[in-house]
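The values are calculated or read from the model by the stated rules, or taken from the named source; none is laboratory data. Note that the coordinates shown come from a computational prediction; the quantities given were computed from them, not determined experimentally. Ideal geometry is used to build each Cβ from the backbone, glycine not excepted, and the neighbour counts take in all protein chains shown. Note: areas computed on protein heavy atoms with side chains; ligands, DNA, RNA excluded. Shrake-Rupley method; radii C 1.70, N 1.55, O 1.52, S 1.80 Å.
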Amino acid sequence: MNVNRHFFKKYFNMLLIAVALIFASSAAVVLADQNKIEVKASIVNVRTGPGLAYDVLDKVKSGTQLDIMGEKNGWYQVRLNMDKIGWVASWLVDNTEIGLNTSHQVAKLNTSNVPIYQQADANSTVLGTGSVNASVTVLYTTNGWTQIKYNQSVGWVRSTQLNVSSASTTQAQSAASTSDSGQTVTMLTTNQDDTKLRSTPNANGTIVTVLSNDTPLTYIKTSGQWYQAKTSTGQTGYVANWVVTKRDVNTAPIVKPTSLSKATIVLDPGHGGSDSGAVSASGKFEKTYTLKVVEMVAAKLREAGANVVLTRSTDTTVDLAKRPKIANSINADAFVSFHFDSTQTNNDASGITTYYYNTKKDSALAKTMSQNLSRLPLPNKGTMYGNFQVLRDNDRPAILMELGYINTAKDFKAISSEQYQEAVAEAVYKGLNQYFQ
């Protein structure tokens, strides 16, 4: 009798376990069904991380069902097979790398053999060409360039080579409606004090006015080795080409991406190589700590899907003029320069300052960043105007941060600690994330 009861009890428990497994299996199937997407585009890129900046891991064809394992930055983490996991944009359910819940402009190419570039730069790689009247989907427009859907990814064409054929309520529309109204203006900047603007293009011309260093001038034309130019007050004359720097500036409004995963950000570790920067009381170089912090910031931004470009990634010398040029050449959405301040006397100052040059272009980024730097343990001095070349020559939103005084003992204790470096990286990441919203 006891044996029979024992057998019945054992059999009943096994039956309960079996029923539970059946229910669990059913629930798992339902959950899996609820967390699947089906690829609708012909071919879709699966990337190594949640953003367009990440490399393509694999491609999947239309009709493929993918299990969703997680979500980040508007991207789904998906399992391709038992040993391969990647990321696809959440909007890939309906189309290739175009927002699911976002309508976009449709445009037509207005000329034949339109080059489609990898970046908004005529010197970048040409991905292919488009034929006249070919329809393209507009994703983003800035500085005379338009980003379009191209094959399984994105490409750039000059905005003048497009005719918009349908309206939209998205950012792409508002960007396109304003940015093409801008134009490229050639500017001159004086390289020295006592620069003379003359009435004729020679050294014997009457002096119209005398200009200080870093004075901006609007270029008019070239006459031999002289430029005709106009001052901000309307005075016109000629200046020798060897005492000014000439560059083209696009006056089109800059339109921000709406998330980090769509942004291109240039990070500038101050100094490097033969330029050590400021020096601590113990002989430590500023260049060492700017690079350490930038590496941490870059890792966080890349994890968020941002396309990050460094002006230097090793202890090498990079000319000051080249740093803003990098941002200008790739139409960066933000340029952030990292520094540590110093004074002539040790232990004479403390704190953090965020500098901007162009109020209209830079101040929003500076204010947002400064607010987030207030999280750090050093005093925050707020934002200030700064006439630095990396800001002055930058056509893109740009700031320069002095993240403490390296020759002040209290500040250097923080600067040299990994804890502070990580805190700076987190603050900068949060600042940029807030800015791109």
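Close amide-amide hydrogen proximity is noted between Val208 and Leu197, Arg198, Ser199, each under 5 Å apart and 5 or more residues distant or on a separate chain (H modeled in the peptide plane; Pro and chain starts excluded). For Arg396, nonlocal amide neighbours, meaning residues 5 or more places apart or on other chains whose placed amide H falls under 5 Å from its own, do not occur. With the biggest extent put first, the Cα atoms of segment 180-279 measure 55, 46, 24 Å across the principal axes. The heavy atoms of Thr264 offer some 30 square angstrom of accessible surface to a 1.4 angstrom probe.
Normalising the average separation of contacting C-alpha pairs (under 8 angstrom, six or more residues apart) by the number of residues puts the relative contact order of segment 217-267 at 21 percent. Sequence neighbours fewer than 8 away in the same chain don't count; with that in mind, list the aspartates and glutamates whose C-alpha is under 17 Å from Lys36. Correct list for Lys36: Asp67, Glu71, Asp94. Ligands, DNA and RNA excluded, the heavy atoms of Glu402 present near 20 Å² of accessible surface to a 1.4 Å solvent probe.
How high is the FRET efficiency between Asp193 and Val106 when r is their beta carbon distance and R₀ equals 45 Å, given to the nearest 0.05? That pair, Asp193 with Val106, gives E of 0.25.
Computed over the Cα atoms of segment 261-318, pair by distinct pair, the Kirkwood hydrodynamic radius stands at 12.0 angstrom. Among all the lysines, which ones have a C-alpha under 19 Å from Lys246's C-alpha, if same-chain residues fewer than 8 places away are not counted? In chain and number order, the partners are Lys196, Lys221, Lys230, Lys322, Lys325. Converting the Cα gyration tensor eigenvalues of segment 332-384 into ellipsoid dimensions via √(5λ) gives semi-axes, longest first, of 22, 13, 10 Å.
Put simply, the amide H of Asp58, placed in the peptide plane, has neighbours under 5 Å in Val46, leaving out anything fewer than 5 places away on its chain. Beyond 22 Å between alpha-carbons counts as too far, so tell me which of Lys59/Lys256; Lys61/Lys149; Lys108/Lys149 fall in that bin. Too far apart for the 22 Å limit: Lys59/Lys256.
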